[in-house]
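Enquirer: One structure, pasted below without further comment.
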Amino acid sequence: MEFSKLIVEQEEGFIIVFINNPPANALSTAVLLELEQLLDKCVNDDNVRAIVITGSGKKVFSAGADINEFEDIRSGKIPTTIGQNLFNKIENYPKPIIAAIQGSAFGGGNELIMSCHLRILSSNASLSFPEVKLGITTGWGGTQRLPRLIGKTRALEMLLTGDPISPENALNYGLVNKVVEAEKVLEEAKTLAAKLAKGAPIAIREFLRGVTQGLNTSFEQGLSIEREGSAIVFASEDAKEGVAAFFEKRSPNFTGK
């Protein structure tokens, strides 16, 4: 599949997706649609067990929505549901998606990384939601995902002031999993993706589903989702392989069956 706004590199068991929309990797409608096409292509591809999303260049992961499209967004020609639907798809994707944040992220760029399952941030980067300084609000899930990740009080401070937070605070708040030197961000993400790609696909899928769906429902309903997932996993060939490998003192070979 050919893309004009993405660069895709295949690694063993996973892919790296570079948002390539200079100068600031704005999330234009074209970028969003290409990301959705890629996800649809990879969902049943056994050669893709994990996905790393990053930005081209070193300074900016993504500056968020394309300011050149603001008038079309305001008038309704470009619906906000395009971004919302894509980020919902990322959050509920059955394979782990890692954000390798090699540079600063703003607004919609942060809404993108928050929809990813895991996040690795450069020690030189900052994260912010500057929408309020433009007299607008987030439209792709910022008001919903941010407080779920870092709590209501801190989320409101970020959203109402538009001020950036440091990598240290992003880590302390629980917004990212790890902070590393800028030149190590992608390698760290690739190492993690390679590790996940060797895991049991069905078990990973059910972990993702249980946590993501469970957090958006009641505790009892969440337990029901977990029971359902556990039954599916225990009936899989991967579960038999995992137990056999344990007793035979060898590395398991998970096939996703």
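Enquirer: With (1) exposed (fewer than 14 other Cβ atoms within 10 Å of the Cβ); (2) touching a helix residue (DSSP H, G or I) at 6+ places or on another chain (Cβ under 8 Å) as the list, and residue 86 as the residue in question, which single condition is left unmet?
Expert: Against the list (1) exposed (fewer than 14 other Cβ atoms within 10 Å of the Cβ); (2) touching a helix residue (DSSP H, G or I) at 6+ places or on another chain (Cβ under 8 Å), residue 86 comes up short only on (1).
Enquirer: Go through segment 113-136 and report how many residues are assigned to a loop (DSSP other than H, G, I, E, B) and either of a type in the set (Gly, Ala, Ser) or modelled with pLDDT of 95 or more (or both).
Expert: Number of matching residues: 8.
Enquirer: Being outside any strand (DSSP E or B) and touching a strand residue (DSSP E or B) at 6+ places or on another chain (Cβ under 7 Å) is true for just one of 48, 8, 17. Which residue is that?
Expert: Exactly one residue qualifies, and that residue is 48.
Enquirer: Could you look through segment 150-173, keep only residues that are of a type in the set (Asp, Glu) and either on the phi > 0 side of the Ramachandran plot or in a helix (DSSP H, G or I) (or both), and pick out the one that is farthest from the chain's Cα centre (by Cα)?
Expert: 157
Enquirer: Looking at segment 209-226 only, could you name the residues that are in a helix (DSSP H, G or I), within 19 Å of residue 88 (Cβ to Cβ) and of a type outside the set (Gly, Ala, Ser)?
Expert: The answer is 209, 211, 212, 213, 215, 221, 225.
Enquirer: In segment 145-156, which residue that is in contact (Cβ under 8 Å) with a residue 24 or more places away in the chain and farther than 14 Å from residue 171 by Cα is surrounded by the most Cβ atoms within 10 Å (Cβ to Cβ)?
Expert: So, considering only residues that are in contact (Cβ under 8 Å) with a residue 24 or more places away in the chain and farther than 14 Å from residue 171 by Cα, the one surrounded by the most Cβ atoms within 10 Å (Cβ to Cβ) is 145.
Enquirer: Please enumerate the residues belonging to segment 115-144 that are free of Cβ contacts under 8 Å to residues at least 40 places away in the same chain, surrounded by fewer than 21 Cβ atoms within 10 Å (Cβ to Cβ) and within 16 Å of residue 91 (Cα to Cα).
Expert: Selection gives 143, 144.
Enquirer: Residue 186: farther than 22 Å from residue 52 by Cβ and part of a helix (DSSP H, G or I), yes or no?
Expert: no
The values are calculated or read from the model by the stated rules, or taken from the named source; none is laboratory data. Note that this is a predicted model, so its numbers are computed, not measured. Virtual Cβ from ideal backbone geometry, glycine too; neighbours counted across all protein chains shown.
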